[in-house]
1. How far apart, in nm, are two points set 7 Å out from the Cα along the Cα-to-Cβ line at L109 and at S171?
2. Test of understanding: what is the full-extension gain from N41 to Q191, defined as 0.36 nm times their sequence separation minus their Cα-Cα distance?
3. Taking the mean number of other Cβ atoms within 10 Å as a proxy for protection, how do you rank 599-611, 180-192 from highest to lowest?
4. Mean separation of Cα pairs under 8 Å and 6+ residues apart, divided by the residue count of the stretch 29-117: what relative contact order is that in percent?
5. For the stretch 206-326, what relative contact order do you get, as a whole percent, if you take Cα pairs closer than 8 Å and at least 6 residues apart?
6. In Å², what does the accessible area per residue of the stretch 39-88 work out to with a 1.4 Å probe?
7. Give, as ranges by residue number, the residues of the stretch 97-128 whose backbone N falls under 18 Å from the point 7 Å along Cα→Cβ of N56.
8. Output the peptides 108-121, 193-206 sorted from most to least packed, where packing is the average of other Cβ atoms within 10 Å over each peptide's residues.
Amino acid sequence: MAAEGGGKETNDIKTQFTTREGVYKLLTHSEYSRPNRVPFNSQGSNPVKVSFVNVNDQSGNGDRVCFNVGRELYFYIYKGVRKAADLSKPIDKRIYKGTQPTCHDFNPLTATAESVSLLVGFSAGQVQLIDPIKKETSKLFNEERLIDKSRVTCVRWVPGSESLFLVAHSSGSMYLYNVENTCGAAAPHYQLLKQGENYAVHTCKSKSGRNPLLRWTVGDGALNEFAFSPDGKFLACASQDGYLRVFGFDAAELHGTMKSYFGGLLCVCWSPDGRYIVAGGEDDLVSVWSFSDCRVIARGHGHKSWVSVVAFDHCTTSMEDGDPPAEFSGSDEDFNEQIHIRDRANSANSRLSKRNSTDSRPVSVTYRFGSVGQDTQLCLWDLTEDILFPHLPLSRTRTHTNVMSATSPPATGHNSTSTISTATTNPSGANGKDTVSNSSTGGNTPNSLPGTLPRSNSLPQSPNQAGGGSTPNSHAGSNSSSGSNNNSAKGGSIIDTALIGAGKFATLSIHESRKERPEKDHKRVHSVGHVGSKSSDKLNQLSASRGAKNDTAKTLGTTLCPRMEEVPLLEPLVCKKIAHERLTVLIFLEDCLVTACQEGFVCTWARPGKVGLLTSQNNPTTNSPSGTVV
């Protein structure tokens, strides 16, 4: 894994990083893990996942956290930046036999200080509904694995519903359940409800209500993750066939699609306003897709291995004039970093202040999102107005922005076959000293740009790109289901059923063995070095040679998958190695951001100015508890 590189690499883990708003710091006393922080063998284990819920506790400490490590599932009071974690006192701890937890999700509508509804998906295909506060098991779905025998990859409550939830499997199918219905003693029979390009929706044929209500089959291969839009009306699906598909959820209609540069898509998320979708996967890139235009508007290159999680930061989505300078504490390297970041922020603010006040678009046009990957690195990205609105004129302060030509030569010394075992701390573009190459740019870089510029987080679209910001597409305006949100489940309640003991569930055998084959594949074909003209051609050839059911070569250069030189290339604002094992979680909270790695450590990074909230109750005994609660 990442620690196998040996030497200095194993110790080169960052505990703080700097952005334009200040310094983020790792709170070592707030780290959650297995009690006594006993390490476990992560080989062959399902990814560590983390879920949060707020129970509106009157004490002001209402956050609860759930995470899985191997066969174990933990539920704690989350202290965050306020107090040190007490690992000796989990509210609930469960150990499963024969199967492993793979994902979980709380229902925020029904959460109280006395009860929460937590869905847990498993590697053998079952889904369990539990209440870790009451320490009860309410119901088990797909118990006999008659609905789907494959691993559960994602489970989510349907937004606005107290009883409906959606489950995705590695078989490529999704199932809609109602907690009040049973699953039946025989395999369900389905009737086609709707069919479209590479997807179909079936309804379950039954005289009485039974699960599943609907079965979606999407794409070819595993359905790795899905995400509901903020208003709950649309559903974005990331599949192993490399396609992002966005559906109107209630009408089951396809709104638009995107294709990865190559390989599968592993993760997807929506911007807080629902205008943009970011996806990441096995092409080592993050791709930004416009919901209204149904096209890729930017790609981000900073990871050296597969991107496992992408997430928007709802608390840092705009840059306003007159931001007070943040206090700095850190190394000289971080100080230089902060100076460059402030220069870039000032440049963007200057452009914003020159905007016409009658412009219908909001002044705040910067979106912050983050990504983590198997290269053990955390990347933060800013999506700014020169990417979102490339047809608008920019002021002369644009010269502060580092324009990286998509046709610049590969960075020297970069190993294109690097995997998570050889990840480096500062990839090309992470140290603020990139050199801009103007060869064969075709006029991409303004003449006023010097040879060496500060690192950039956003790169304007080149003038010679066809279509600019107004590329036509056939999907625009096709969201016919936008007004058909299903609220029929509102006000429903979870039915009280006979408790299903953990012992009974623990006896479920698992007949599938999932091996970590993708890491070998990545070593051979999936790594992206510096995206230049030569490497871009090589990627095109690799994609074409791997053509299976979906011919990637046919999608390159189209709206589905533009070539690398056809869209702006984002460079990370921050790119830091923060773990020894591959990263599997990134969650943005109001006071902090939370990451987790496959070692089973859930880390809290305090936002600038929030470190002081951690009280003096941090004492060594809380970090080394002697007891565990079973």
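1. Going from the L109 label point to the S171 one covers 2.7 nm.
2. 49.6 nm
3. Numbers: 599-611: 21.1, 180-192: 13.5.
Per-residue Cβ counts within 10 Å, averaged per peptide and sorted highest first, yield 599-611, 180-192.
4. Working: 152 pairs, mean separation 28.6, N = 89.
It comes to 32 percent, rounded to a whole number.
5. Values: 260 pairs, mean separation 20.3, N = 121.
Answer for the stretch 206-326 is 17 percent.
6. Per-residue accessible area for the stretch 39-88 comes out at 36 Å².
7. Zone members listed by number: 106-118.
8. Details: 108-121: 18.6, 193-206: 15.5.
Answer by packing, highest mean first, reads 108-121, 193-206.
The values are calculated or read from the model by the stated rules, or taken from the named source; none is laboratory data. These numbers come from a predicted model, not from an experiment. So basically every Cβ, Gly included, is an ideal-geometry build from the backbone, and we count neighbours across all protein chains shown. Each accessible area value is taken on the protein alone, full model and side chains, heavy atoms only, with ligands, DNA and RNA left out. Shrake-Rupley method; radii C 1.70, N 1.55, O 1.52, S 1.80 Å.
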